[in-house]
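Asker: My questions all concern the structure below.
The values are calculated or read from the model by the stated rules, or taken from the named source; none is laboratory data. Here the structure is a predicted model, which is why all the values come from computation and not from measurement. Here the Cβ positions follow ideal geometry from the backbone for every residue, glycine too, while neighbour counts run over all protein chains shown. These accessible areas exclude ligands, DNA and RNA; they are computed on the full protein's heavy atoms, side chains included. Shrake-Rupley method; radii C 1.70, N 1.55, O 1.52, S 1.80 Å.
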Amino acid sequence: MSDPDADLHDMTREELLREARKMRAAVREHRDATGHDLCWHWPDLWALLPDTTERKLTVPDWPHFMRGCIHYRSSLDRQLADADRTQEEFSR
């Protein structure tokens, strides 16, 4: 198996810092997501990796997906019990 991070070995310090800043910005964007944006697929974050995957994603059927959403939202109640709540509807 080849090293997926082999490209780092040939980068200059400045190039490495630029890559680190891009990664940090993407992680912050993901971390700072709020409201309905918490639920989205994040291909922009994955696109920062130099390697791609041909892996085909598996998407759950609706009933299984909705149970997962409810489980995820319930975990937010436990982990972020003091977070502000919103009545805002999804509008995109």
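Asker: Report in % the part of the accessible area of the chain that belongs to carbon and sulfur, leaving out ligands and nucleic acids; probe 1.4 Å.
Answerer: 56 percent
Asker: Sticking with this structure for a sec: Per residue, how much accessible area does segment 9-65 show when a 1.4 Å probe rolls over the protein heavy atoms, in square angstrom?
Answerer: 94 Å²
Asker: Along the Cα-to-Cβ line of Cys69, 7 Å from the Cα, sits a label point; which residues in segment 31-49 have backbone N less than 18 Å from it?
Answerer: Of the residues in segment 31-49, 34-42 have backbone N under 18 Å from the label point off Cys69.
Asker: Rounded to the nearest 10 Å², what accessible area does Trp46 show when all protein chains are kept and the probe is 1.4 Å?
Answerer: Here the accessible area works out near 130 Å².
Asker: Name the shape class, rounded, prolate or oblate, that the alpha-carbon gyration tensor gives for segment 11-59, where a ≥ b ≥ c are the square roots of its eigenvalues, rounded holds for a/c under 1.5, and otherwise prolate holds if a/b is larger than b/c and oblate otherwise.
Answerer: oblate
Asker: Once both axes come from the Cα atoms, what is the angle between helix 13-31 and the longest principal axis of the chain, in degrees from 0 to 90, rounded to 10?
Answerer: Result, in degrees: 10.
Asker: Calculate one ³J(HN,Hα) per residue across segment 84-92 by plugging θ = phi - 60° into the Karplus curve 6.51 cos²θ - 1.76 cosθ + 1.60, and present them in order as whole Hz with x for glycine and proline.
Answerer: Result, rounded to whole Hz: 4, 10, 10, 9, 5, 7, 5, 10, 7.
Asker: Among [x] 49, 30, 27; [y] 36, 22, 20; [z] 37, 27, 23, which one is Cα extents along the principal axes in Å computed from these coordinates?
Answerer: It is the one labelled [x].
Asker: I've got another one for you. Only helical DSSP H runs with n ≥ 4 go in: add -39500 (n - 2.57) per run for the chain, normalise by residue count and round the 222 nm mean residue ellipticity to 500 deg cm²/dmol.
Answerer: -14500 deg cm²/dmol
Asker: Further question: Can you work out the FRET efficiency for the pair Leu16 and His41, with r the C-beta to C-beta distance and R0 = 30 Å, to the nearest 0.05?
Answerer: Step by step, r from the Cβ atoms, then E = 0.60.
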